[in-house]
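What follows is a set of notes on a single structure, which appears directly below.
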C-alpha cells in the first residue's frame, strides 16, 4: 500500500495513517512548493484561466478589470463617451464597450 494519496487538483500529498513513517517532512515541503508555484513568481494572487468564477457576494477589484468574451471586451467601469469618436479618444478599441450616460454602447468605427 502506498504511504500517501494526492489531491486531485494540485497534487498535494495526503499521508496514509500509520504508513507514512519518516516522510512527513518531504511531503510537507513538497506541498509548500506546489502551493507557492500556484501563486507564480512575484504575485500575490492566484491566476484564473478558463472555468467559472462564482459565489455569493460582490467581487471587488483594485485597478482595472478587463473581461473579454469572444471579440467583445468589457471593463469594470466602462468609459463614458458621447459617441464612437469620443470613445476612440478615450482608448476604447473598435468592438469595445463604452457607455453614453446609462446606455451601453459598442464602438463600431
Using the number of other C-beta atoms within 10 angstrom as an exposure proxy, rank 88, 71 with the fewest first.
71, 88
Please report 28, 104, 12 as a ranked list, fewest other C-beta atoms within 10 angstrom at the top and most at the bottom.
104, 28, 12
The exposure ranking of 108, 97, fewest beta-carbon neighbours within 10 Å first, is 108, 97
State the extension gain, in nm to one decimal, for the chain segment bounded by residue 84 and residue 14, taking 0.36 nm per residue of separation less the distance between their alpha-carbons.
19.6 nm
Once you put a point 7 Å from the Cα of residue 94 and another 7 Å from the Cα of residue 29, both along the Cβ direction, what distance in nm separates them?
5.7
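Every read-out reported here was derived from the displayed coordinates using simple, explicitly stated rules and does not represent laboratory data. Just so it is clear, the structure is predicted and the values come from calculations on it, not from any experiment. We place every Cβ from the backbone using ideal geometry, glycine too, and count neighbours over all the protein chains shown.
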